[in-house]
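Remarks on the structure that follows.
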Amino acid sequence: MGSLFKIAIRNLLRYKRRTLLTVSLITVGVVFVFVFVSISGSFKKMMISQITDSMLGHLQVHRKGYVASIETLPLNLNLKGDAINRLEKVLNEQPEIESYSPRVKFGGLFSNFAETSSIRLTAIYPEQEFKTVPLLPARVIEGNKDLKLGGILIPELLARGMKVKPGDTVVVVATNVDGSVNGKQFNVTGILESATGPGGRDGYIHIDDARELLRMDGKQISEYAIRLKDFGKLTIFSKKLEQRLAKELNKQGKPMFELHTWEKLSPFFNIARMIDLMTFFIKLMLVAIVLISIMNVMIMAVYERIREIGTIAAIGTLPGKILSIFVIEGFCMGMAGALIGNIAGIVLVYIINLLKISYNFGQQKGLILHANIYIIEILVISVTVIIVSVIASLQPAFKASRLEPIKALRHV
Amino acid sequence: MTLIKAENIHKDYQLGEVSIHALRGITIEITTASFVSVIGPSGSGKTTLLNLIGCLDKPTSGSLTVAGTDVVKLDRKQASLFRGANIGFIFQDFNLLPVLTVYENIEYPLLMVYKAPSKERKRRVISLIEAVDLVDQKNRFPDQLSGGQKQRVAIARALVTNPKVVLADEPTANLDHETAFAIINIMKRMQRELGTTFIFSTHDQKIVSAADIIYTLEDGKIKNIDAKEDKNG
């Protein structure tokens, strides 16, 4: 095998300029994909983290049928009594869960005594909520981050529109499950930056205040937001938890709960998918570059060396070995392109990070672009380039190996 | 002992709609350690005959046995293996691999075809480099050699696997007269020392005189066989 590599490498060096051009083309392709994957991957990770860590959580469990009606925030589909106990027992048994946060969600009217506007409220236990969505406190741009009984965190849009500031007294009016209306005074604890863009109308109150406002009999929960210790295990864990929850049946023998990952609850998942799709097409372009450039070079190489092929075939070199010589040439070019491309990509990503390029995402201004290097992506890009290089050289190599020595020797 | 036996060999080529009869009923018998020359004008069938003996091509009809093997029945892979084990080739244009040094060119068949162990390879290559007087050039590449030196490398490469027969198609055609004689003398010496059968085709009547047996071909037929009594003389 060593001799085959020696012959292949010397043959590549024989046409230095052509080899250099081909390797350069592959290198440029690898660098481009490398940098794109690093930046888009980091952006996607940041975006998902913003959505899950400041609002949604990694997973959510609801009463069966709740999500289908989630737009109306139906109080009649809240979890109650035994269902809450059973669900919390299941969640407490899962070692993969870092924390979970019970929430009551409802819509209401928000008044500053002069004007009234609609508001969507999430009632929480602050300590559990902040553990489950740790970026939520960071969204408080004005006022106090600690949400206590009688306090309310209101969205920036509402605060600005209704000229409300921390410390002000406001009233929230809501309709309870029976249809009767009740109101309660709150003290504005803080102003919240929206996680989803300028249209956000989500506020937070303490869950005990919600119970009072909605005149709830006993404990009721709209949803459980869950945070995992390892976000990478989301898919595996969600399947596991789904199977476990499927065993929890109501009196009619039907499942009590439904489980959704953040992907099914947020429209931002489609943006994440778009990023993945763009990455896929960029990788496809790299495949095309490698395929065409290597195949072109190898076809030329075979054509130029027909007499040499005839000679080695005449002196007894088996077709398999002739095929190997040319495949190894393609392999070496792919290997060199992948290696140099990855090194150049790492250097470029390092430079990008040094430049501290800033950008805006939704309401968040001046985020610093931090391009990450993903080892798995380096491996995927490298292996793809090498495999495609080998595939691209297979056809010319096969042609070389099938040449009749007598015809090849006569070639001029 | 008979090494090559050809009986009533015919070889036809189709060139477009024209059928060319390259060989018309050739029958020859060549013994071990012979030094055979095949002469004749262009188109007489010399190269075709050598290609058939070298298992590079198959006769249209007739039987051909080389080193006890019916080579007509060999498939592509078997023919490759047979050539690697039994036949050495010397080409008119030398056909050395340009990316390999003199040493590596000679070593190539042992490495790729014969799969000889490292020590054995080195011993055989060095011994042949010395035999063809290329010790000083062993690390040079073909483009750094003269025509005569290249052909000596080709001879060493053809002999390195100890083949039973070496086929040389016009080995001196691209060499000046003096170098051509030197090459023929090396081949003759190798034939004596190693007991290898050499069959070479040539136009050059002066070179032919070195042969023990001379087959003269004309229009694909043997016109004349001229055998010397003392084949080592």
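Derivation of every value follows stated rules applied to the coordinates shown; laboratory data play no part. As the structure is a prediction and not an experimental result, all values here were calculated from the model. Counting neighbours? That spans all protein chains shown, and the Cβs are built from the backbone with ideal geometry, glycine included.
Expressed as a whole percent, the proportion of Cα-Cα pairs in segment B:82-233 lying more than 27 Å apart is 21%. Modelled label positions at B:D176 and A:K148, each set 7 Å beyond Cα in the direction of Cβ, lie 11.1 nm from each other. Average 1/r across all pairs of distinct alpha carbons in segment A:24-65, invert it, and you get the Kirkwood radius: 12.8 Å. Extension gain for the segment A:N76 to A:T235, taken as residue separation times 0.36 nm less the Cα-Cα distance, is 54.2 nm to one decimal. Across segment A:145-173, no residue has a backbone nitrogen under 16 Å from the label position 7 Å along the beta-carbon direction of A:K219.
Derived scalar couplings between HN and Hα for segment A:260-274 equal 9, 7, 4, 4, 8, 10, 10, x, 5, 4, 5, 5, 4, 5, 4 Hz in order, rounded to whole Hz, by the Karplus curve 6.51 cos²θ - 1.76 cosθ + 1.60 (θ = phi - 60°), x for Gly and Pro. Note on segment A:65-255: the alpha carbon radius of gyration divided by the globular reference 2.2 N^0.38 Å gives 1.07.
Take the Cα radius of gyration of the protein assembly as shown and divide it by 2.2 N^0.38 Å, N being the number of residues; the result is 1.64. Computed from the C-beta positions of B:N8 and B:Q78, the FRET efficiency with R₀ = 30 Å rounds to 0.80. Dipole orientation for segment B:2-227: of the candidates B:I90, B:L110, B:S146, B:L110 has the Cα lying most toward the positive pole (charges on Cβ; Lys, Arg +1; Asp, Glu -1). Each residue of segment A:135-140 was assigned a 3J(HN,Hα) from its phi angle through the Karplus expression (A = 6.51, B = -1.76, C = 1.60, θ = phi - 60°), giving 8, 4, x, 5, 7, 6 Hz with x at Gly and Pro.
Between A:N176 and A:F281, what's the calculated FRET efficiency when r is the beta-carbon distance and R0 is 35 Å? Round to 0.05.
The value I calculate is 0.10.
Taking a straight Cα-Cα cut-off under 20 Å and skipping sequence neighbours fewer than 8 places away in the same chain, the lysines within cross-link reach of B:K119 are A:K6, B:K138.
For the pairs A:K399/B:K77; B:K164/B:K228; A:K233/A:K264; A:K105/A:K254; A:K321/A:K399; B:K164/B:K221, note any where the Cα-Cα span goes beyond 18 Å. Working shown, then result.
Working: A:K399/B:K77 16 Å; B:K164/B:K228 21 Å; A:K233/A:K264 16 Å; A:K105/A:K254 24 Å; A:K321/A:K399 13 Å; B:K164/B:K221 25 Å.
Where the Cα-Cα span goes over 18 Å, the pairs concerned are B:K164/B:K228; A:K105/A:K254; B:K164/B:K221.
Pairwise inverse Cα distances across segment A:234-323, averaged and inverted, put the Kirkwood hydrodynamic radius at 19.2 Å.
At a Förster radius of 25 Å, what calculated FRET efficiency corresponds to the Cβ-Cβ distance of A:I9 and B:R123, to the nearest 0.05? If you can, show how the numbers build up before the last one.
Values: r = 27 Å, r/R0 = 1.08.
About 0.40, to the nearest 0.05.
What angle, in degrees between 0 and 90 and rounded to the nearest 10, separates the Cα long axis of helix B:147-159 from the longest principal axis of the Cα atoms of chain B? The two axes meet at around 80 degrees. In segment A:1-135 the Cα-Cα distances spread across 5 Å bins starting at 0 as 2, 7, 10, 12, 12, 9, 7, 6, 5, 4, 5, 5, 5, 5, 4, 2, 1, 0 percent of all pairs. Sketch the reach of a paramagnetic label on A:E304 as a point 7 Å from Cα along Cα-to-Cβ, and name the residues of segment A:318-344 whose backbone nitrogen lies under 16 Å away. Correct set: A:326-327, A:329-330, A:333. Straightening the chain between B:T65 and B:R140 buys 23.1 nm, computed as 0.36 nm per residue apart minus the Cα-Cα spacing.
Stretch A:R402-A:I271 to full length: gain in nm at 0.36 nm per residue minus the Cα-Cα span?
On the way: separation 131, 0.36 × 131 = 47.16 nm, distance 4.98 nm.
Value of the extension gain: 42.2 nm.
The helix-only estimate of mean residue ellipticity at 222 nm for the protein assembly as shown, built from DSSP H runs of length n ≥ 4 each weighted as -39500 (n - 2.57), is -14500 deg cm²/dmol after division by the residue total.
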